[in-house]
Amino acid sequence: MNRRRMMLVTAALAAAAAGAAAWLLLRPASAPLARVRFAVVAGEPLRYDPGVFHWRSGKELVRAGQAIADGQAVRFRGRAELRLAPGHRGKTVVYFPYAVRPQAAGSVRVAIVLERQGRETPLRTFSASRKLEHYYAARLDLERGDAIRLRAEGAGFLVAGRAVVTPPAAPGDRPYIFVLAPDNVRGDLMAPDNGPGAPLPAVQAFARDAACFENAVAPTPWTLPSFASLFSGQYEFRHQVTKSSPLSPDKPHLLAGIAPRCPVIQFNDDVWLSAKMGLARHHDGFFTSARTQDVYADRMLFANARAFIESAPFPALFMFLHTYKAHAPYEPGAEFRSRLPRGCRESVWPPIHGAQFDPRPSEGERQEMRALYGAEVEQLDHHIGGFLSWLKEAGLYDRSLIVLTSDHGEEFDEHGGWFHGHSLYRELHHVPLYIKFPGGRHAGRRLRDTVSVVDVLPTVLDQLGIEVPAGIDGVSLLPLLRGEPARPRVVACSAAVSVFEPHIPPRFSLFTGPYHLIYNLPATQQDPGYYAQHGRPADRPTIELFDMRSDPGERREISRLQPGIVASLRPEIDRILREVSKRRRAPQSQVFDEEREALKTLGYL
Ligand SMILES: [Zn+2]
């Protein structure tokens, strides 16, 4: 066989292997997944913002902890009842999210019952004296004409999302996709060789099963726009999500491609990851924890994920898991403090607004914060390990696609700042990115190409054989893993539109080869009162350039030594400046208008 023919055969075999892998993930279940809406039987039907339900507690608007996807809501005094006709026969998984809100100082009795030929069998009954968001999931043996009723007695609101109805997993089913996205994890601390931190046995074992992208860049240095980038596949200066502007419905949401294939479930720790910010679209369940700052938020997250999978054995599933563990306050659980220096405090908040705090933290305090943060990452490793072990015991690990990444890093005065959101140096832009493919493919690979968190979902879509939509910045990483020649690409990181505080000057980063260029714009807003309290952000030159290969700590600014690199990036700089200039002027978007509409519907406005 000549060399060219051998290459063709090799390519054909590789394509066949890729096709087989896609088939593994796409193979239809023995009967299709269906999404079924409830019908209102009793109670006053309510219109509400699709994707999120609002209610009022006292005088305050309270957002339900979960998005209720396109179901039914009723207000009731006396009795409310919703009825679901699954339309399936035989062994069936029935899942739906619901929310109950008793009227002030009242309590509501809720029953979920199976209706069969005029007779009712209780499936679940409980009382709620305060707002409650949960889900029902069970394996039922259904007969023709069976229905499920969700009934509440008392006074308040009852909401149910669309139900997912599907046969349970058969042996060999359950190709699952997990995206594990703990918040605030520096890339160096969760490197496969564990970098400067303590050993992370779970992540290091996982690294042997996964492809590790050693130079993964966060799209922005803070949580909200970073996750908006992950879900939209667009950079921050293009999706333009800010604290007052949610992800617009006309922007891409990459889970739209996955939702037709399998249930899409998210457990997160709330705050920025909210339905209100437009992130919950295309989910069948978007569950936010009420205990965001809990010391053991990571343990609870994985317990919730496991309980969900055990109660709803879907043939295929996409699950996104986020926790604020590793975010300030640096507060590891007691069993993760053994390596800490003596006298270390239990919980420490870093200075949030930069280094000009009075008094500025001492070197001892800096080391204490680093140690506590490191112990948080150790704790996270322990709970990630527990979850991965359980996936193995449950026979789900080998067939699953598992991504481990984070939204941004954390700074400890490397460049005069603390916390995150304020600058774009490596301590903030470098994040872990591991992708474990089904069947052990690409296991143990290490790639040094600069890639981005915006590439995560395009890679998942590509792996599933789903077309990656046009108009996004993310690209599939599969060609890179297959060794195909990489297209020239400039990766970006920015806080140019969605600045963490309006007083911080906007800036963006470009990465090309080993070079990292930061472009600093002038501050758009002055605030002497803020500066007096927190310090004025340091003035920076317009352009800073670093060679990450010879200077990974980004200490030596070399733009004058490398004018050719700066000049080669000029077209990209100009393109981003044009995008930034399109910054939306209106601080409120359609979702907030819908929210007002929902409030009107509920009689609050
Ligand atoms: Zn974050």
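Here, each number is a calculation from the coordinates, and none is a lab measurement. Just so it is clear, the model here is predicted, and its values are computed rather than measured. Neighbour counts are summed over all protein chains in view; Cβ atoms, including those assigned to glycine, are modelled from backbone coordinates with ideal geometry.
Listing for the model above:
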read-out: Most to least packed among 75-85, 152-162 [average Cβ atoms within 10 Å]; value: 152-162, 75-85
read-out: Hz values of 3J(HN,Hα) by residue in segment 387-397 - Karplus curve (6.51, -1.76, 1.60), Gly and Pro given as x; value: 5, 5, 4, 5, 4, 5, 4, 7, x, 9, 5
read-out: Segment 176-486, relative contact order in percent, only Cα pairs under 8 angstrom and at least six apart counted; value: 33
read-out: Computed E for Arg489/Ala104 - FRET, C-beta separation, R0 45 angstrom, nearest 0.05; value: 0.20
read-out: By average C-beta atoms within 10 angstrom, highest first, the peptides 105-118, 550-563; value: 105-118, 550-563
read-out: Cβ-based exposure ranking for Phe213, Phe308, in which fewest neighbours within 10 Å come first; value: Phe308, Phe213
read-out: Taking Asp193, Asp547 and counting other C-beta atoms within 10 Å, the order from fewest to most; value: Asp193, Asp547
read-out: Viscosity 1.002 mPa s, 20 °C: Kirkwood-radius Stokes-Einstein D of segment 176-486 over Cα pairs, µm²/s; value: 110
read-out: Burial ranking of peptide ranges 503-514, 264-275 (average Cβ count within 10 Å, highest at the top); value: 264-275, 503-514
read-out: Whole-Hz ³J(HN,Hα) from phi, Karplus 6.51 cos²θ - 1.76 cosθ + 1.60, for segment 104-118, glycine and proline x; value: 3, 6, x, 9, 10, 9, 10, 9, 10, 10, 9, 9, 9, 6, x
read-out: Span from the segment 405-431 Cα centroid across to the segment 122-156 one, whole angstrom; value: 46
read-out: Cα centroid separation - segment 184-215 against segment 69-105, whole Å; value: 43
read-out: Simple spin-label estimate for Arg555 and Arg578 in nanometres, 7 Å along Cα-Cβ; value: 4.0
read-out: Built amide H within the under 5 Å cut-off of Phe286, gap 5+; value: Ala67, Gln266
read-out: Neighbour-count ranking [beta-carbon atoms within 10 angstrom, fewest first] of Arg583, Arg124; value: Arg124, Arg583
read-out: Contour minus Cα-Cα distance for Asp527 and Glu120 (0.36 nm per residue); value: 140.0 nm
read-out: Difference of contour (0.36 nm per residue) and Cα-Cα distance, Ile352 to Ser568; value: 74.2 nm
read-out: HN-Hα J in Hz across segment 146-155 - Karplus 6.51, -1.76, 1.60, θ = phi - 60°, x for Gly and Pro; value: 4, 9, 10, 10, 10, 10, 10, 10, x, 8
read-out: nm² value of the averaged projected area, convex hull over the Cα atoms of segment 318-458; value: 10.3
read-out: Amide H partners (placed H, <5 Å) of Asn215, local residues excluded; value: Val451
